[in-house]
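Worksheet for the structure shown next.
Quick note: the coordinates plus some simple rules give every number you see, no bench work behind them. Because the structure is predicted, anything quoted here is derived from the model rather than measured. Glycine also receives a Cβ, built like all others from the backbone with ideal geometry; neighbour counts cover every protein chain displayed.
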């Protein structure tokens, strides 16, 4: 795989499945999934397997993760920036009124 390929082509089928589960969890729950949530959604039996997949997705720029030990700190790439910008806009709007 080359770096000029679109991200979707750089991901394995398993990585795409986990990334889809991350997006689905955000869409359904409005928040970040836990590793256990992703394991259940993708029938992954071992936490080390899921951590390996998430590490690969993070290296490839598909997801961002919170700090070490942060529960539910898995974000689709760029979503955290959108949340921060939206929260900032909302705070400024509320302060103006």
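Overall form of the stretch 18-65: oblate. Here a/c, set by the Cα gyration tensor axes a ≥ b ≥ c, is 1.5 or more, and a/b is not larger than b/c. Between residue 34 and residue 95, the simple spin-label model (points 7 angstrom out along Cα→Cβ) gives 3.5 nm. Here the extension length gained between residue 47 and residue 17 equals 9.2 nm, from 0.36 nm per residue of separation less the Cα-Cα distance. Legend: ranking of residues 49, 32, 43 from fewest to most surrounding C-beta atoms inside 10 Å; resulting order 43, 49, 32.
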